[in-house]
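Colleague: Structure below; questions to follow.
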Amino acid sequence: MRLLLLGRGKTGSLVAAIAAERKHRLVIAGAKENASRAALTPERLRDIDAVIDFTAPHCVLDNIGACVEAGKDMVVGTTGWHQHLDHVRNLVEQHGTGFVYSSNFSFGVNLFLDAARAAAAALRHDYSGQIFERHHAQKKDAPSGTAIVLQQVIREASGQNEELEIISFREGDVVGLHEVVLESPADRIYLCHDAKSRRGFAEGAVRAAEWLAGKKGFYDFKDVWREL
Ligand SMILES: NC(=O)c1ccc[n+]([C@@H]2O[C@H](COP(=O)([O-])OP(=O)(O)OC[C@H]3O[C@@H](n4cnc5c(N)ncnc54)[C@H](OP(=O)(O)O)[C@@H]3O)[C@@H](O)[C@H]2O)c1
C-alpha cells in the first residue's frame, strides 16, 4: 500500500519501521512538513491509499478533516480528541471513507479489555475499584485514552452507573502501564497490562490500515482487531 504517516515521534517512527518491514511504500510528514496541513492537499494525497496519524491532540482534528474531505482512508492512533467522535463519525459517513481509531492499537491491551470486562461482574458483588495508569513524563493528555476506554468497558459490563476513579501518574519513560484494582472486604483482584515497547501499538496500526483497504465506515479497533 501507499501510506502517508503523520508524525515521526516515538510511536510514528516505529510505525515507519513496521510499514517498511511489511513492504508498504511510505511518505512521512512531521510537524514541519505538515505546517498548515501542507502535506494534506488533494494534490499531495492523490496517490495515497491510507493515512496513519500519530501526532498530537492540537492538530489531529485538522488532519482528520483534511484527509476525510479528500476521500482518504485513515487510521488514527493520536489520543485526546474522542469528545469529538460523533462529529468525526458524521464526517466519515458523509464522505464515504474508511476510518479506524483507537487509544490503543496493541493486541495485548485489547485482550486486557476482555479480561476487564469479565472482572467487571465483581462490581455487582460488594467490590469497589480504581484504575491506575502510568506513562512517560512527556505525555500530553491525562487520563490516558486507554484508561478512559477501560473505565467505559467496565461500567458497561458491570451494568452499574458508577465509574471507577482513574488515577494518573506521569514519570520517567514508562511506555504505558494500566492497572485495575477491585477490592472487597475479603480480598483484592489485580489486573495489569504493562507495555514493554511501542512496537505493539505500531504493528496494530499498520495492520488496521491493511484491514481497512476496500472498506468504508467508522470503526473502533476494539471491535475489529480479532479480524486482523
Ligand atoms: N493508539 C495507540 O495505540 C497509541 C500508542 C502510543 C501513543 N499514542 C498517541 O499517539 C500520539 C503520539 O504519541 P507519541 O508518543 O509518538 O508522541 P511524540 O513522540 O510527541 O510524537 C508526536 C509527533 O507528532 C508530530 N506532529 C505534531 N504536529 C504535527 C502535525 N501538524 N503534522 C504532522 N506531525 C505533527 C511531532 O513532530 P515534531 O517532532 O516535528 O514536533 C512529533 O514527532 C499521542 O496522542 C499518544 O497519546 C497512541
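The values are calculated or read from the model by the stated rules, or taken from the named source; none is laboratory data. Because the structure is a prediction, the values reported are computed rather than measured. All Cβ positions, even for glycine, are placed from backbone atoms using ideal geometry, and neighbour counts span all protein chains on display. These accessible areas exclude ligands, DNA and RNA; they are computed on the full protein's heavy atoms, side chains included. Shrake-Rupley method; radii C 1.70, N 1.55, O 1.52, S 1.80 Å.
Colleague: What is the one condition in (1) open to solvent by less than 20 Å² (accessible area, probe 1.4 Å); (2) touching a residue at least 40 places away in the same chain (Cβ under 8 Å); (3) within 14 Å of the ligand (Cβ to nearest atom); (4) not β-branched (Val, Ile, Thr) that Gly65 does not satisfy?
Modeller: (2)
Colleague: Next question. Being outside any helix (DSSP H, G or I), open to solvent by less than 30 Å² (accessible area, probe 1.4 Å) and away from the ligand (no atom under 12 Å from the Cβ) is true for just one of Val153, Val181. Which residue is that?
Modeller: Details: Val153 fails: outside any helix (DSSP H, G or I).
So the residue among Val153, Val181 that is outside any helix (DSSP H, G or I), open to solvent by less than 30 Å² (accessible area, probe 1.4 Å) and away from the ligand (no atom under 12 Å from the Cβ) is Val181.
Residues checked against (1) out of contact with any Leu (no Cβ under 7 Å at 6 or more places or on another chain); (2) closer than 15 Å to Thr97 by Cβ; (3) among the hydroxyl-bearing types (Ser, Thr, Tyr):
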residue: Gly7; (1), (2), (3): yes, no, no
residue: Ala19; (1), (2), (3): no, no, no
residue: Ala31; (1), (2), (3): yes, no, no
residue: Ala38; (1), (2), (3): yes, no, no
residue: Ile48; (1), (2), (3): no, yes, no
residue: Thr55; (1), (2), (3): no, no, yes
residue: Glu69; (1), (2), (3): yes, yes, no
residue: Thr79; (1), (2), (3): yes, no, yes
residue: His82; (1), (2), (3): yes, no, no
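Colleague: To continue, here is another question. Looking only at segment 19-33, which residues are crowded, with 19+ Cβ neighbours inside 10 Å and in a helix (DSSP H, G or I)?
Modeller: Ala19
Colleague: Could you pull out the residue among Ala116, Ala16 that is closer than 24 Å to Trp225 by Cα, more than 10 Å from the ligand (Cβ to nearest atom), free of Cβ contacts under 8 Å to residues at least 24 places away in the same chain and buried (at least 16 other Cβ atoms within 10 Å of the Cβ)? Reasoning before the result, please.
Modeller: Numbers: Ala116 fails: free of Cβ contacts under 8 Å to residues at least 24 places away in the same chain.
Criteria check complete, one pass: Ala16.
Colleague: Here is a further query. Might you check whether a residue that is small (Gly, Ala, Ser) and more than 10 Å from the ligand (Cβ to nearest atom) occurs anywhere in segment 19-30? If you could, list the steps in order and put the result at the bottom.
Modeller: Filtering segment 19-30 for residues small (Gly, Ala, Ser) gives 19-20, 29-30.
Filter once more, so that each one left must be more than 10 Å from the ligand (Cβ to nearest atom): 19-20.
Yes, because at least one residue in segment 19-30 is small (Gly, Ala, Ser) and more than 10 Å from the ligand (Cβ to nearest atom).
Colleague: If Tyr219 meets every condition in (1) open to solvent by 80 Å² or more (accessible area, probe 1.4 Å); (2) assigned to a strand (DSSP E or B) apart from one, which number is that one?
Modeller: Here Tyr219 clears every test but (1).
Colleague: Can you tell me which residue is farthest from the ligand (Cβ to nearest atom) among those in segment 156-178 that are of a type in the set (Gly, Ala, Ser) and open to solvent by less than 60 Å² (accessible area, probe 1.4 Å)?
Modeller: Keep residues of segment 156-178 that are of a type in the set (Gly, Ala, Ser), which gives 157-159, 168, 172, 176.
Right, trim to open to solvent by less than 60 Å² (accessible area, probe 1.4 Å) and you get 157-158, 168, 172, 176.
Values: Ala157: 22, Ser158: 25, Ser168: 12, Gly172: 14, Gly176: 7 Å.
So, considering only residues that are of a type in the set (Gly, Ala, Ser) and open to solvent by less than 60 Å² (accessible area, probe 1.4 Å), the one farthest from the ligand (Cβ to nearest atom) is Ser158.
To keep it simple, each residue is scored yes or no on (1) at negative phi; (2) near the ligand (Cβ under 10 Å from one of its atoms); (3) without any contact (Cβ under 8 Å) to a residue 12 or more places away in the chain; (4) within 20 Å of the chain's Cα centre (by Cα).
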site	(1), (2), (3), (4)
Glu33	yes, yes, yes, no
Ala39	yes, yes, no, no
Pro42	yes, no, no, no
Asp53	yes, yes, no, yes
Pro57	yes, yes, no, yes
Met74	yes, no, no, yes
Thr78	yes, yes, no, yes
Asp86	yes, no, yes, yes
Asn90	yes, no, yes, yes
